[in-house]
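**Q** Got a structure here, written out as structure tokens. Questions coming.
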Amino acid sequence: MAENENDESKFVRGFLIGSILGVLAGLFFAPKPGKELRSDIKQKGEEVLDEAKHLYSEARTKATAILEDARRRAEELKKEASRHLAEARQKAKEILKRGEEEGAEVNELAKEVKAEAKKETKESAEAGI
């Protein structure tokens, strides 16, 4: 996209320079009195200036539209990234909670196994085994 803008910029610059040189060459080689020649130069200069202003206005309008579109897209991407981040955080919380619950279950089972083993060891000792 930047290359395209650069090509357009070069084209506009070349167009303006070519227009100015063409107008000047035509005026200088045309057989006219000095006062009329100066008037024509002034008129053509104003026309070229008006055309340059018009091209500048168009370029500015296009640049503004491009920037606005880029801002809008950036905002959309930011919202989407925030949404994904919130989803990931929620999933992480759920996984941690599930892990804590399962860890508590394993801990409770370990206590039961320990108590059962202790009980069996005591019974075995009392029985003389």
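**Q** Give me the number: length gained by fully extending Ser39 to Phe11, i.e. 0.36 nm times residue separation minus the C-alpha to C-alpha distance, one decimal in nm.
**A** 7.2 nm
**Q** Given charges of +1 on the Cβ of Lys and Arg and -1 on the Cβ of Asp and Glu, with all other atoms neutral, how large is the dipole of the chain about its Cα centre, in debye to the nearest 20?
**A** 780
**Q** Holding the Cα-Cα limit at 32 Å, pick out from Lys42/Lys62; Lys93/Lys118; Lys10/Lys42 the pairs that are longer than that.
**A** Table pairs above 32 Å Cα-Cα are Lys93/Lys118.
**Q** Could you tell me the largest-minus-smallest coordinate of the C-alpha atoms of segment 72-129 on each of the three principal axes, in descending order and whole angstroms?
**A** Sorted largest first, the three principal extents are 83, 11, 5 Å.
**Q** Return the inverse of the average 1/r over all pairs of distinct C-alpha atoms in the chain, which is the Kirkwood hydrodynamic radius, in Å to one decimal.
**A** Computed over the chain, the radius equals 23.3 Å.
All of the numbers you see were taken from the coordinates with simple rules; none came from a lab. Just so you know, these numbers come straight off a predicted model, no measurement behind them. So basically every Cβ, Gly included, is an ideal-geometry build from the backbone, and we count neighbours across all protein chains shown.
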